[in-house]
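Here's the structure we're looking at; comments come further down.
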Amino acid sequence: MSIRIRHLAISGALLGVLCVPAHADSGDTDRSTDRGTGRDISRDVLAAEDGWAAYGTGTTGGSSADDAHVFTVTDRAGLVRALDGGSDTPKIIKIAGTVDANTDDDGHHLDCADYATDGYSVKKYLAAYDPRTWGSAKPSGEQEDARQASAAKQAERVTLPVGSNTTIVGLGSSAVLKGANLQVKNANNVIIRNLDLRDAYDCFPVWQPNTGGLGDWKTSYDNIWLTGATHVWVDHVTASDKGHPDDAEPTYFARNYLRHDGLLDITNASDLVTVSWSRFQDHDKAMLIGSSDSATGDRGKLRVTLHHNQFDSVVQRAPRVRFGQVHVYDNRYVVPEGAEYRYSLGVSTESGVYAENNAFHTPGHVEVADLVKSWNGTALHQTGTLFNGRPVDLLAIYNAYNSGSERDLTADVGWTPTLHTKIDSAEVADREVARGAGAGRIP
Ligand code: CA
């Protein structure tokens, strides 16, 4: 008991004026009503049966927080204090307005030049590791050391640890978290809702000469990264590169100088995750579930439900799955005319993707066989798929058009989802998702 009291007293002293306890902030509910979200959602818990995160004890986030651990934050400093270093104390964090992770402790915006140190410059980095002179060895030496030191300075600002028993919600329909890499690392029972997560921009991409044969730029930050995380519910978020599209970045060493990694990556034995009513848009690699064929600790984990989400202008990984039992139902996929596109459903090592009633809208150059890609996958369950309004069988078409470098996929993924709420037809889901998915749209 004495420990608990001491902890609260310290928290209260540290929090100061920026984080206002809920009981002193009676205006919240009224303000959010005005802006379109009709009620206080901050103590909501995941509904019973609503996907894998409902398994066992379910997902309640910070709903049991006492009043001293309900915070309204308006800037990075307030958010960092409320997150409390990723502590497991039940806490509710409400984000009001725009919070920019790239700021100093006084709230001043930091740009890439502010982080650059030890003589790092893109120009010098490119000169040092040009494959024509450097070859295909991993970059090392002065510029790579400087890049790492600079990157560490940015990471210290933008990487924000989310601990167990935490709920983070946006207030109303205008809450934005910009430039942040929310990391739910080895934590349990987390809810993230009603938040626009933008532009997890890496100032210091690293050149990896041996990636994919041609080499590639590797970036560090996902908008949300679940690593060793269990019982996580992500709902009504919008995640995108808004402000800094990668296709506007230059080409260096004949590869796009990427600035963003995943929108929501789920790796390292994370488990029991539900992602619902969210928008993933304007991005290359949206959602990676399982990061490596050799991560055999992921076996039996990575159980994820994705329902009523929209993937709009996403090039690939919506999602790409290894190992996990992943239920993908009632999602809406939009590929606009002229947009870069590779595939939507990535079926990789030991994955069990169970896809039901998803709707795809694509321009003429995208064919049904393009929607699925397999790397060492063996099975895909799919039913009820709509492709530009017409029913298709993804599996039959994938197998019929499979070039032969990959084996055919069977329909038996070895499991049948039981944890789900009502499954709509693809037609109904398509309409509902277009209207209701994303931040600021909780009914
Ligand atoms: Ca990632």
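The values are calculated or read from the model by the stated rules, or taken from the named source; none is laboratory data. Remember, predicted model here, so these are calculated numbers, not experimental data. Backbone-built Cβ (ideal geometry, glycine too); neighbour counts: all protein chains shown. We work out accessible area using only protein heavy atoms, side chains counted, and drop any ligands, DNA or RNA first. Shrake-Rupley method; radii C 1.70, N 1.55, O 1.52, S 1.80 Å.
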Spherically averaged projected area of the stretch 316-443 from its Cα convex hull (nm²): 8.3
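Scan the chain and report its longest stretch carrying no GluC sites (Glu not before Pro) that are both in a DSSP loop and have at most 12 other Cβ atoms within 10 Å.
Working: sites that count: Glu337, Glu367.
That gives 1-336 as the longest site-free run.
What does the net charge come to around Leu409 if you take all other residues with beta carbon closer than 14 Å to its beta carbon, with K and R at +1 and D and E at -1?
Numbers: positive: Lys373, Arg407; negative: Glu350, Asp393, Glu406, Asp408, Asp412.
Result for the local shell: -3.
Any idea what diffusion coefficient the stretch 142-218 gets from Stokes-Einstein, in µm²/s, Kirkwood Rh on alpha carbon pairs, 25 °C, 0.890 mPa s? Write out the running numbers ahead of the final one.
On the way: Rh = 14.8 Å.
Rounded, D is 165 µm²/s.
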Global form of the stretch 186-321, assessed from the alpha-carbon gyration tensor, a/c cut-off 1.5: oblate
Given charges at beta-carbon only (K, R positive; D, E negative), |dipole| of the chain in Debye: 420
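What value, in deg cm²/dmol to 500, does the helix sum -39500 (n - 2.57) over DSSP H runs of n ≥ 4 give at 222 nm once divided by the residues of the chain? Before the final figure, lay out the partial values.
Values: 9 runs with 81 residues, N = 443.
Theoretical 222 nm ellipticity from helices: -5000 deg cm²/dmol.
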Sulfur and carbon atoms: percent of accessible area, the stretch 324-424 [1.4 Å]: 49
Cα-only radius of gyration and Dmax that characterise the stretch 294-387, units Å: 13.0, 41
Whole-angstrom gap from the stretch 374-419 to the stretch 85-125, using each part's C-alpha centre: 42
Under DSSP loop assignment and at most 15 Cβ neighbours within 10 Å, longest trypsin sites (Lys or Arg not before Pro)-free interval of the chain: 40-298
The stretch 10-276 - convex hull of alpha carbons, volume per residue in Å³: 136
All Cα pairs of the stretch 403-443, percent lying beyond 10 Å: 81
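About its Cα centre, how strong a charge dipole does the stretch 316-443 have in debye, to the nearest 20, once Lys and Arg get +1 and Asp and Glu get -1 at the Cβ? Before the final figure, lay out the partial values.
Values: 12 positive and 15 negative charges, 73 e Å.
Result for the stretch 316-443 is approximately 360 debye, rounded to the nearest 20.
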